[in-house]
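Remarks on the structure that follows.
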Amino acid sequence: MISHHLLLCATATKAKCCDPALGAASWEALKLGVRELALERPDRPGGVVLRSKADCLRVCDQGPVLLIWPDGIWYGGVTPERIRRILEEHVIGGRPCEDWVIRRSPFSLGHQR
């Protein structure tokens, strides 16, 4: 079972939302955080957490931008320093980090949390 899919727009070919170096650092922090918190383990009781690096999520400001599916929460300014808190509070704890939310677009795929 998949609990979340984290899509990080961080290293766009034509970066308009953030400095590519900041985006790359955020991606590295996301990979490390997911690994350290054992979120990608297939046998994780709450479900596995997937992560993908997106070229562009079409939100060309306030980047790096992180979209958390299926919650439909979009975070802006996702610096390496913010990654761990988002993982712990939102992905694990179920409480979005409201200070950094820039958009909400809940998906209606019948997913219940």
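Note on segment 53-85: residues that are buried (at least 16 other Cβ atoms within 10 Å of the Cβ) and within 12 Å of residue 26 (Cα to Cα) total 11. Taking the conditions exactly as written (touching a Leu at 6+ places or on another chain (Cβ under 6 Å) and of a type in the set (S, T, N, Q)), does residue 52 satisfy them or not? Considered against the rule, which asks whether it is touching a Leu at 6+ places or on another chain (Cβ under 6 Å) and of a type in the set (S, T, N, Q), residue 52 comes out as yes.
Taken over segment 15-52, the residue count meeting the criterion of being surrounded by fewer than 19 Cβ atoms within 10 Å (Cβ to Cβ), more than 15 Å from the chain's Cα centre (by Cα), of a type in the set (A, V, I, L, M, F, W, C) and farther than 17 Å from residue 89 by Cα is 1.
Restricting to segment 3-14, count the residues that are modelled with pLDDT under 95 and surrounded by fewer than 17 Cβ atoms within 10 Å (Cβ to Cβ). Total satisfying the criteria: 2.
Scanning segment 82-100 turns up no residue that is of a type outside the set (A, V, I, L, M), on the phi < 0 side of the Ramachandran plot and modelled with pLDDT under 95. A count restricted to segment 50-81 and to residues that are touching an Asp or Glu at 6+ places or on another chain (Cβ under 9 Å) and of a type in the set (D, E, K, R) stands at 1.
The values are calculated or read from the model by the stated rules, or taken from the named source; none is laboratory data. The structure displayed is predicted, hence computed values, not measured ones. Every residue, glycine as well, gets a Cβ built from its backbone with ideal geometry; the counts of neighbours run over all protein chains shown.
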